[in-house]
Structures are given as C-alpha cells and as structure tokens.
Amino acid sequence: MRRLVVLALSFAAALAPAMTGAAPAMPTPAAAATEAARQAAMEGYLYFYPLVTMDLTRRQSIHPSRGAQGAPANTFLHGRALPEPEAATPWANPDMLRSTAWLDLTGGPVVLSTPDTQGRLYTLTLLDMWTDAFAILGKRGTGTAKGNTAIVPPGWTGALPPGMARIDAPTAHVWAKNLIQADGPADYAAVHALQDGFVLTPLAQWNLPPQAQRLRSDPSLDLAIPVREQVESMPTDAFFTYAAGLLRKNPPHPTDQPVLAQLRRVGLVPGRPFDFDKLDHPAKQGMRRGMRAARERMAAAAGRTVQDVNGWQRETASIGVYGNAYLRRALAAQAQPGSGLPEDVAVLLLAADSEGAPLDGAHGYVLRFESGQLPPAGALWSLAAYDGNGMPAANPLGRRALGSRAPLRYNADGSLDVRLSHAVPAPEAQSNWLPLPLSGPASVLLRVYQPGPALLDGLWAPPAAQREENPESAEKTEP
C-alpha cells in the first residue's frame, strides 16, 4: 500500500508543472492565418494534382502539332504493333494493342460505337478528369457484341435515340483507354479491323455524313516538357490559379466537401476565379509552405503501399477508383495517370530472387508453379522481361512474352517450370523459356487479365525465382 501511495504522489508531482504553470501562448492572428493557409494548400495540392495532370495530358494529346503521336478530340489513336525491343516504350504491354481518345462532351453527348469482337478480349476504360475509372466496357462486363453507347456530360437533359445505352460522365472531358488482345504479327490484320470499329461520334452528328473537325492551336501549351515535370515545377500561384479554373469546368465529387471547405479559407471557391495576389502576406506564405509540404509528403509516401512476397512486388492500395484518398490518387497520377481497375488486369513485378538478390541477366532462374497454382486468370496471363530501364529484352527467337497462350510443357505431376535467362536453352526446353536481358538489372512483369478473387484478395502469390548456377544445355547468345 505504501508503494502505491509513493507512486501516486510521484505521478502527481510530475503533472504539477503542467497543471499549475502558465497556459501556452496563443498563436498570433498572423501565425494562425499562415497555418490555416498551409494546411489548405497542402491538402489542396494533393487534391488538385490529378486534375492538373489530366488536363495537361489532354491538351498535349489533342494538340494539332502532335501529328501521328496525337489525335483530335473524339478520335481514337490506335497503336498498331506490339512492342519491339528496339522501338518500344518502357514496360510496354506484349499482349494487347492500345487505343486512346479524349472525348469532348462540352457540346453534348458523344456516341461510342464498339464492334463485335466475337469473344476477343478487350477492356475499354473511361476515366474522368480526376483520374477515376467511372465505366468499363468489354468482355468482363458489357460483353463483346456490337453496340452504341452515349457518353453524356453532367447536367445534360436531352433525349437519346431509342434503344441507345447511356453512361453519365462526371466531367465534360473523358479519357478513353482501350486494350484489345493481339496474338502476334499474324493477328494484326484482324485486330486492326476491330480497332477501326471503335468510333466516336458527337450525338449532334449521329446518322449524318462525317464532318471535318476544326483544329485549334494552343499557343500557351508547352509540348516539349513532360507533364509531370510541368506540374511539379509550377509555382504556388500558377498551380492554384490553374486548378481553380479547372474546378469551374469539372465538378468536384460529392464527398469532396471537407477539402473544399479548407480551400475556402484561402478564397478558392468552386465556380469562382482565384486571385493569389489578393491574399495577404501570411496566407501567401502559408500556401507556399503547404505546397512544399505536399510535395514532400508525396516523395515520402511513394512506394509505401507496395507489398513484397517471394521477391514479387504488388500494389496493395486502391487503383482506378480512389474516393477521398487524395494522397493515393495523386501518387497514382504521378506514376501513371489513367490507371484502370485491378479487376481487369493485375500486375506483379519480380525484382528479386528467392535469396533477395536483384535479378540479373547474367544469371538463370526457374519459376516453379506447382500443380493447381497457376495464375488465377479469368482470361489469360503472361510473363514479360525487361531491362533496368523497363525496355523489353531482345532475344534471337523474337519472343515478347510467355504465358497461358503459349504451348507450354508441363511436368508429369502437373507443375510448370518457367526458365528465365539470357542464355538460350536446348531446343526441347525452349517452349518454357522467357529471355532476360544480356546482363545487368532485370525484372519480370506478370500480367493477369480478369484475375480471380484469390489474387485480388492477396491470397495467391507467384513462386519465388530460384537461381540456377549452371543452366543445363544453354549457350550465351547475342540477340
């Protein structure tokens, strides 16, 4: 009992200075205004980052001077070939041909016509200007039959042709991104014909002869500097002035009220122009500090939601739809604006072997999928190898990927061994061979199309890559 009394008295003595001392000084009005502006700008930068990124991406994509690298609004730009090592973009997809288009709904609905792909896999994702995927067309959901769907802008109350499907877009500009399965160059003619069947037509021109578009130049746009670099080099006044202008055209989501309330404290109100110069000095100072803090938060948080299992890395945070996770949404827009849904394609990155050592093209590896443990794909799966810069690995067989469409050889017990190496194996082992770069850092992407619940829920993981010291029957061959 005496011990308890002593402890109680000691605790009370420790609290005494705080209880009897002077109250902490209240911040001055100027300091309070600076802190309020800092908080508003920090949250506002994360909130607006995807919107600004999307608008600059849109403007660059439809600019007349882009030529074959861009396309006018309401026109698809089609990728016509699978990636070749000597002329590919980083992390190029070896399974699908891509098509993209920017829909301009400011003049009313635009009709999206889709061809009958006769069961061929395609996924057409529609994204609003906040980078949320608000609609998906394709085999998983709407099927592969021919159809016409009106993409309708906010607030539109007109009538559609009888029987035409309708999708309401959250914003007046929409990014359409399509992936359609292509099984190598021999399949190009068929895929190109299907790509040409994806057509955008303003409703006002429906059932009328095609009309030439009036292309307008945008002299204020910088086409040379990448979008990310432009966004992240904007000064505070330019960024928030630009963002406020976009907010007048792109309605916020209904759940955005808390961050919008914070932004009102610095005079940034939806539907009204924003004038940074009219703020007093404490508010200006606070906004500059807040924007720096937001950029620091993004840098510190990048990659923190990536999970590593068996040397494979996968993103565990939301992709495609973000709700009020503004930091997550900003990071996704920073890495790759316009991400689709994991329900359509899940991507895992193999960066290390079973011992935790980075993959290197100088070595060989084996991935053993036990019987019943193949990637849970509702459509197909594939493995593709890349060098340290994300470029496809060149190889003498011209192999772009290996997966469920290939004539794989299974073991007697139903298991599957996939060999990763730059060295070309003996002919009888080449069916299960995925070529790595000649030497140096390497990585492998596993793409699973229409992944099953086990993968989506994190209950399935690929096997670890076991390093082979002396791959049998293999020769080092230059591509």
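Every read-out reported here was derived from the displayed coordinates using simple, explicitly stated rules and does not represent laboratory data. The structure presented is a predicted model; accordingly, all values stated were derived computationally and were not measured. With ideal geometry, Cβ positions are generated from the backbone for all residues, glycine too; neighbour counts draw on all protein chains shown.
In this entry, the stretch 342-468 is assigned a mean projected area of 7.7 nm², taken as a quarter of its C-alpha convex hull surface. The three principal axes of the C-alpha atoms in the stretch 29-103 carry coordinate ranges of 62, 27, 18 Å, sorted with the longest axis first. Projected label points at residue 199 and residue 292, each 7 Å from Cα along the beta carbon direction, are separated by 5.6 nanometres. Taking GluC sites (Glu not before Pro) as exposed when their DSSP state is a loop state and no more than 12 other Cβ atoms lie within 10 Å, the longest site-free interval of the chain runs over 87-354. Decide, for the chain, between rounded, prolate and oblate: order the square roots of the alpha carbon gyration tensor eigenvalues as a ≥ b ≥ c, take rounded if a/c falls under 1.5, and otherwise choose prolate if a/b is larger than b/c, else oblate. Since a/c reaches 1.5 but b/c is at least a/b, the shape of the chain is classed as oblate.
Here's the picture: charge each Lys and Arg Cβ at +1 and each Asp and Glu Cβ at -1 in the stretch 34-152, and of 96, 110, 148 the one pushed furthest to the positive end of that dipole is 148. I need the fraction of alpha carbon pairs in the stretch 64-205 separated by more than 27 Å, rounded to a whole percent. The answer is 21 percent, as a whole percent. Charged side chains reduced to their Cβ positions (Lys and Arg at +1, Asp and Glu at -1) give the stretch 342-468 a dipole of some 360 debye around its Cα centre. For the stretch 166-283, the Kirkwood hydrodynamic radius from C-alpha pairs, put into Stokes-Einstein at 10 °C and a viscosity of 1.306 mPa s, yields a diffusion coefficient of 83 µm² per second.
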